[in-house]
1. Would you say B:L147 is outside the structural domain of B:D7 (by TED's automatic domain parsing), without any contact (Cβ under 8 Å) to a residue 24 or more places away in the chain and over 29 Å from B:G76 (Cα atoms)?
2. Tell me whether region A:221-242 contains one or more residues that are of a type outside the set (S, T, N, Q), without any contact (Cβ under 8 Å) to a residue 40 or more places away in the chain and touching a Ser or Thr at 6+ places or on another chain (Cβ under 8 Å).
3. Answer yes or no as to whether A:A269 is under 12 Å from the mean Cα position of the chain (by Cα) and either assigned to a helix (DSSP H, G or I) or farther than 22 Å from A:V75 by Cβ (or both).
4. Can you name every residue in region B:138-185 that is in a loop (DSSP other than H, G, I, E, B) and buried (at least 18 other Cβ atoms within 10 Å of the Cβ)?
5. Given (1) more than 30 Å from B:Q195 (Cα to Cα); (2) within 16 Å of the ligand (Cβ to nearest atom), where does A:G66 come up short, assuming only one miss?
6. Checking the condition on the phi > 0 side of the Ramachandran plot and either part of a loop (DSSP other than H, G, I, E, B) or within 16 Å of the ligand (Cβ to nearest atom) (or both), which residue from A:G162, A:G173 passes?
7. Testing A:P304 on (1) within 14 Å of chain B (Cβ to nearest Cβ); (2) surrounded by fewer than 24 Cβ atoms within 10 Å (Cβ to Cβ); (3) more than 16 Å from the ligand (Cβ to nearest atom), one condition comes back false. Which one is that?
8. Considering each residue of region A:26-65, count those that are touching a Pro at 6+ places or on another chain (Cβ under 6 Å), within 11 Å of chain B (Cβ to nearest Cβ) and in contact (Cβ under 8 Å) with a residue 24 or more places away in the chain, and give that number.
Amino acid sequence: MILGIETSCDETAAALVTGEGEIRASVVSSQADLHARYGGVVPEVASRRHLELVTPVIREALSEAGATLDDVDRVAVTQGPGLIGALLVGLAAAKAVAWARRLPLVPVDHLNGHVASLYLQPDPLEPPFLCLLASGGHTMLLDVRGHGEHELLGTTLDDAAGEAFDKGARLLGLGYPGGRELDRLARDGDPKAYAFPVARVPGLDFSFSGLKTALLYAVRDLTPEELEARKADLAASYQHAIVRALVERVREAAAQAGRETIAVVGGVAANSELRASLPDARLAPLALCTDNAAMIASAARFTPAVAYPGYLGLDAYASR
Amino acid sequence: MLILAFDTATEAATSALVDDGEVLAERVSRAQTLLEDVDALLRQGGAHPRDLDALAVGVGPGSFTGVRIGLAAARGLALALDVSGAGVSTLAALAAGAPGALPVVDARRREIFTLADGEPAVLAPEALDLDPGTVCVGDGARRYRELLEEKGAEVPPDGDERHLPRARFHAALARDFGPVELVEPLYLRVPDAEQAVKR
Ligand SMILES: [Zn+2]
């Protein structure tokens, strides 16, 4: 079994996954509530919490799977990209466990991890496919040619899609993280009430910063009562603009790469309008959309392991 | 009792393997390569990870990231080997390595971690109250050498090993071994964001 550990942002997670991609346990301890009062993820606060939680989540995953470390034959850990201080907590713990047990260590790229959430049982997807990875930190179009092998076709030039959702939610006074709340509110609104523009940039890239400004202008001119009355319409129109931009680009990218299968992973894959707008796409299961360690263990199945003692000096990376 | 001790709170990470008070091996490197040191110590001491009886871990104060690397490694080791551990203040280890001296750790942002009336404290180096002739040791003493010497302090040459919180002293000072998850970091400062929210 593979023990996966993920601490790149604000979820502390551990999972046990078999070599065949079956999830035996997946424990995610979200810090969202902790960061809500700051209106965003604070790296130092996140890192402190990761240290408190990293071994308890491993322990919980083992007990949930009814396993011990004797059943583990590889340790997989997110090496980057992410918050460097947060990554180092998971990496130090992973190295220590692997070293103590003389196990190989698999350093996993977080983005490969998101894609590998599609390779888990009970219904694993086989490459090739066109993958949209959309989360609070990333918006990427990937031509996935094989397991762990992809080409980046497009990315965001400014805000990530999930970031656009969260910033919009904040402008509407929905708190943090507000993407899910905005999705819920949008169901009661008219997506055509406001025509929010999404910048068309060349190629297959995205730009969401103008959209946020447009929402700011729309909200600024409203009295608190008016805002309350139009909130659902604003949310629906704003969400519609983001989803339309994502869907258009995904279709273009799939056509350009000649891929018939489209897949969506990352936190934004949980958005209900996006799911409805891509009825033929393969969507990551809801539990695996946001950061988790099952996807890291899954990616480890297709990533070369580093044998003892080669990994002892391994460092984390914040960006690629 | 075979104790693995390490401290990654300062720029120079230290580690030691100590058997019933006898230092079998010692290393100095960086926090990121701590496990390389640990591996080398055990090979040098002819021991297997399973032979370890306990951990003695530096809890800071020092670099937040450094402290966490050491504690995360300790918790991982304890989980995998089922060993107990004890935390030792980095300042206490420095003081033990230089009897009579005042430990001064660089806290960045023009501040230092030191002992004030025997208690760990964070303050500006200018605010340090010193008896003339006090020996100051640690990376903070090295960094603020001029300022401290002006105050009448004595700071050993930069290469002096008394500036390092050597892990042999962590092993010697460690008491009350228990679950490593209960060994807490000594940050001495709340995160900036927390301070901003409180204001
Ligand atoms: Zn992610």
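The values are calculated or read from the model by the stated rules, or taken from the named source; none is laboratory data. Remember, predicted model here, so these are calculated numbers, not experimental data. Positions of Cβ are generated from backbone atoms using ideal geometry, with glycine treated the same way; all protein chains shown enter the neighbour counts.
1. Values: outside the structural domain of B:D7 (by TED's automatic domain parsing): yes; without any contact (Cβ under 8 Å) to a residue 24 or more places away in the chain: yes; over 29 Å from B:G76 (Cα atoms): yes.
When the stated conditions are applied, B:L147 passes them.
2. From region A:221-242, those of a type outside the set (S, T, N, Q) are A:221-222, A:224-236, A:238, A:240-242; that's our starting set.
Narrowing further to those that are without any contact (Cβ under 8 Å) to a residue 40 or more places away in the chain: A:221-222, A:224-226, A:228-230.
Within this subset, residues satisfying the condition of being touching a Ser or Thr at 6+ places or on another chain (Cβ under 8 Å) are none.
Taking every residue of region A:221-242 in turn, none turns out to be of a type outside the set (S, T, N, Q), without any contact (Cβ under 8 Å) to a residue 40 or more places away in the chain and touching a Ser or Thr at 6+ places or on another chain (Cβ under 8 Å).
3. Working: under 12 Å from the mean Cα position of the chain (by Cα): yes; either assigned to a helix (DSSP H, G or I) or farther than 22 Å from A:V75 by Cβ (or both): yes.
When the stated conditions are applied, A:A269 passes them.
4. Those that are in a loop (DSSP other than H, G, I, E, B) and buried (at least 18 other Cβ atoms within 10 Å of the Cβ): B:G138, B:Y144, B:A153, B:V155, B:L164, B:P165, B:R166, B:A174, B:V183, B:P185.
5. Here A:G66 meets the rest and fails (2).
6. Details: A:G162 fails: on the phi > 0 side of the Ramachandran plot.
Residue meeting the stated conditions: A:G173.
7. Against the list (1) within 14 Å of chain B (Cβ to nearest Cβ); (2) surrounded by fewer than 24 Cβ atoms within 10 Å (Cβ to Cβ); (3) more than 16 Å from the ligand (Cβ to nearest atom), A:P304 comes up short only on (1).
8. Matching residues across region A:26-65 total 1.
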